[in-house]
Amino acid sequence: MSSPDPSLDEKHPGGPATYDKGYVEEAGAPSAPPALKRQLKNRHVAMISIGGVIGTGLFLGSANALRHGGPVGLLLGYSIVGSICYAVMISLGEMVAYLPIPGGHIMLAERFVDPAFSFTLGWNYWYNWIIVLPAELSAASVLIDFWDKDTNLNALWVTICLIVVVAINSMGAGAYGEAEFVFASIKVITITGLIILGIVLDLGGGPDHDRLGFRFWKHPGPFVQFDGIAGAKGRFLGWWAVMTQAAFSFIGTEIVAIAAGEAKNPRRNLPKAIRRVYIRILLFYIGGVTIIGLLVPSNDPGLALGSGTAAASPFVIAIKRSGIHALPHIINACLLTSAWSAASSDLYTSSRALYGLAIAGNAPRIFKKTLKNGLPYVSLIVCSSFALLAYMGVHSGSGKVFNWFANMTSIAGLMTWFGISFTYLRFYYGTKAQGIDRKTLPFSSVLQPYAAYYAAISCIVICFFSGWSVFLKGEWVTSDFVTNYLPLVLFPLFYIGAKLWTRAPLIKASEMDFQSGLAEIEADTYDEPPPKNKVEAFWQWLLVVDTFIIGHTVSSTIYNEKSWAYPL
């Protein structure tokens, strides 16, 4: 592929070999392949993108969201954050489909913004994932407490879950992809079954034959009067309380950017994964929270995760209320695999983020070390150690600890979304300045740049007002204040500190590097091999049908006719 801007050959004399430190140690050095190995297949990337959307935030965290916002507040909160998530994903998708490089959006920020922003975004992202890891392990303890309310064995459950997660990640990206394929399949089957079952129960098809309809929208009501505050103000605050929890549920969809560095045939597979995100949001999240709001009243005592060490998912509560006795145990077991899946993804992403920081020169060089199979083992060991924070739930209660980590993860994740959106805006104006037609990219959207502006502004607003409840009279909770505002404060402090250290100016749009590394990326673009057996044939058929349905229901995404574009 020829350079969109011939002057780039002069600005980057090393050519493709100099595009990031993951490929070479210094400019002008001989080209070398990245230490990470491309082991993630099409079905792995597809399921990782799905698994990033479905997690304990939906299955478990929605309990607090319903308790604070009511069924309508829950639905509105998840719908708005879902729209922000989609805006972020089409922004990210356009960049990573064109440049699927190790380090994902962390390295892209260095290309299109400046080294200080890459430093800030990278460490914020790493912080996000090493914090969400113990949150998912705490969630697993909460789910196991559904069966074991009498003995306090949270430490044992955390240990077992941690061993499984570390073992999966220690076997490399290929093993992680296979495990996530299985876990995500269970998630999809579970949430689909729960939505169908929820509709049946709502219409009176359960053992009690009680037709619920929209009963709980009337009593206790569509909204919750937050903290007993009367009128529209109380209902508004109840809805706003949903936003941070909803953000925690959606954080993780951007994992495909980190997986890009280990994805096979990225020019084909990444656009497929990105294009499916919105249908997952609509079907799984919006459909799921709608069902929750129909089946469980917002004043159900089981929704209070912080009230003790034992709590259950709203889905399990709904099934128990309908009089089904055996199914809650089966569903809880499926939700437990979801927690394992999410924790496995957390460890994978945090270790690759730390590796990306190292190859960018923003972390000690030791974190660049990998085994022959491409496993960044030093990064993996360090990130695994942070999972020990989950043992805080032994004394404080797993439900309470889960809420603490959920708050911290939500804000750090939203700041990552802000960073991705801002990086995309720089990318967008860089293409305009250099005369690059975005329609020739592997993936582009007609919603840009408005979607990126919407996502960036919304993320900042939600973060700024995330901890408002502690300022109500008599409601001050130090732990809530710290967990909400610490990530928000760290982001600008990191950027200012890195800016003073590097003193590197903001990269001009006309000088952005859109060319380096394309030769290696395009060399990895090839036709998918034919299926080897009936199972692979069925999976390939399922992906084609899924893509066909989604592709013909969205008109905002445009794909070009180049060899890497997936034909509609």
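Per-structure values
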item	result
Residue check for PRO102: modelled with pLDDT under 90, in a helix (DSSP H, G or I) and either among the hydroxyl-bearing types (Ser, Thr, Tyr) or more than 15 Å from the chain's Cα centre (by Cα) (or both)	no
Residue count for the range 204-219, restricted to those that are of a type in the set (Phe, Trp, Tyr) and open to solvent by 100 Å² or more (accessible area, probe 1.4 Å)	1
Number of the condition not met by ALA504 [criteria: (1) under 30 Å from TYR278 (Cα atoms); (2) assigned to a loop (DSSP other than H, G, I, E, B); (3) in contact with a helix residue (DSSP H, G or I) (Cβ under 7 Å, 6 or more places away or on another chain)]	(1)
Condition broken by TRP129, with the remaining ones in (1) under 25 Å from PHE250 (Cβ atoms); (2) surrounded by fewer than 24 Cβ atoms within 10 Å (Cβ to Cβ) satisfied	(2)
In the range 190-228, the residues that are among the hydrophobic types (A, V, I, L, M, F, W, C) and free of Cβ contacts under 8 Å to residues at least 24 places away in the same chain	ILE196, VAL200, LEU203
Odd one out for PRO222 among (1) within 30 Å of GLY93 (Cα to Cα); (2) open to solvent by 20 Å² or more (accessible area, probe 1.4 Å)	(1)
Residue list for the range 337-372, filter: of a type outside the set (Phe, Trp, Tyr), closer than 19 Å to SER185 by Cα and touching a Phe, Trp or Tyr at 6+ places or on another chain (Cβ under 9 Å)	THR337, SER338, ALA339, SER341, ALA342, SER344, SER345, ASP346
Selection within the range 182-235 - in a loop (DSSP other than H, G, I, E, B) and either of a type in the set (D, E, K, R) or touching a Pro at 6+ places or on another chain (Cβ under 8 Å) (or both)	ASP208, ASP210, ARG211, HIS219, PRO220, PRO222
Residue that is farthest from LEU506 (Cα to Cα) [pool: residues in the range 409-465 that are of a type in the set (Val, Ile, Thr) and open to solvent by less than 50 Å² (accessible area, probe 1.4 Å)]	THR409
Some residue of the range 154-167 being modelled with pLDDT of 85 or more, open to solvent by 10 Å² or more (accessible area, probe 1.4 Å) and small (Gly, Ala, Ser)	yes
Output for the range 441-471, where each listed residue is of a type in the set (Ser, Thr, Tyr) and over 22 Å from the mean Cα position of the chain (by Cα)	SER469
Yes/no for VAL164 being part of a helix (DSSP H, G or I), closer than 12 Å to SER341 by Cβ and without any contact (Cβ under 8 Å) to a residue 12 or more places away in the chain	no
Yes/no for SER298 being at negative phi, in contact with a Lys or Arg (Cβ under 9 Å, 6 or more places away or on another chain), open to solvent by less than 20 Å² (accessible area, probe 1.4 Å) and assigned to a helix (DSSP H, G or I)	no
Conditions (1) over 27 Å from SER444 (Cα atoms); (2) at pLDDT 70 or above: number failed by LEU283	(1)
Within the range 62-78, tally of residues that are closer than 11 Å to MET243 by Cβ and of a type in the set (Gly, Ala, Ser)	4
Count - residues of the range 495-514 that are open to solvent by less than 40 Å² (accessible area, probe 1.4 Å) and among the charged types (D, E, K, R)	1
Residues located in the range 358-377, provided they are in a helix (DSSP H, G or I), open to solvent by less than 20 Å² (accessible area, probe 1.4 Å) and in contact with a Ser or Thr (Cβ under 9 Å, 6 or more places away or on another chain)	ALA358
Some residue of the range 331-350 being at pLDDT 85 or above and either assigned to a helix (DSSP H, G or I) or surrounded by fewer than 24 Cβ atoms within 10 Å (Cβ to Cβ) (or both)	yes
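Table: residues versus (1) farther than 30 Å from LYS439 by Cβ; (2) over 14 Å from the mean Cα position of the chain (by Cα); (3) assigned to a helix (DSSP H, G or I).
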| site | (1), (2), (3) |
| --- | --- |
| LEU58 | yes, no, yes |
| GLY73 | yes, yes, yes |
| GLY82 | no, no, yes |
| LEU92 | no, no, yes |
| MET95 | no, yes, yes |
| ILE106 | no, yes, yes |
| ALA116 | yes, yes, yes |
| TRP123 | yes, yes, yes |
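Matching residues to (1) modelled with pLDDT under 90; (2) of a type outside the set (Phe, Trp, Tyr); (3) within 30 Å of GLN434 (Cβ to Cβ); (4) surrounded by 14 or more Cβ atoms within 10 Å (Cβ to Cβ):
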| residue | (1), (2), (3), (4) |
| --- | --- |
| GLY467 | yes, yes, no, yes |
| LEU472 | yes, yes, no, no |
| PHE481 | yes, no, no, yes |
| LEU486 | yes, yes, no, yes |
| PHE491 | no, no, yes, yes |
| SER516 | yes, yes, yes, yes |
| THR525 | yes, yes, yes, yes |
| PRO531 | yes, yes, no, no |
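The values are calculated or read from the model by the stated rules, or taken from the named source; none is laboratory data. For clarity, every value in this text was computed on a predicted model and none was experimentally measured. Every residue, glycine among them, receives a Cβ derived from its backbone with ideal geometry; neighbour counts consider all protein chains shown. Side chains are part of the model used for accessible areas, which takes the heavy atoms of the whole protein and leaves out ligands, DNA and RNA. Shrake-Rupley method; radii C 1.70, N 1.55, O 1.52, S 1.80 Å.
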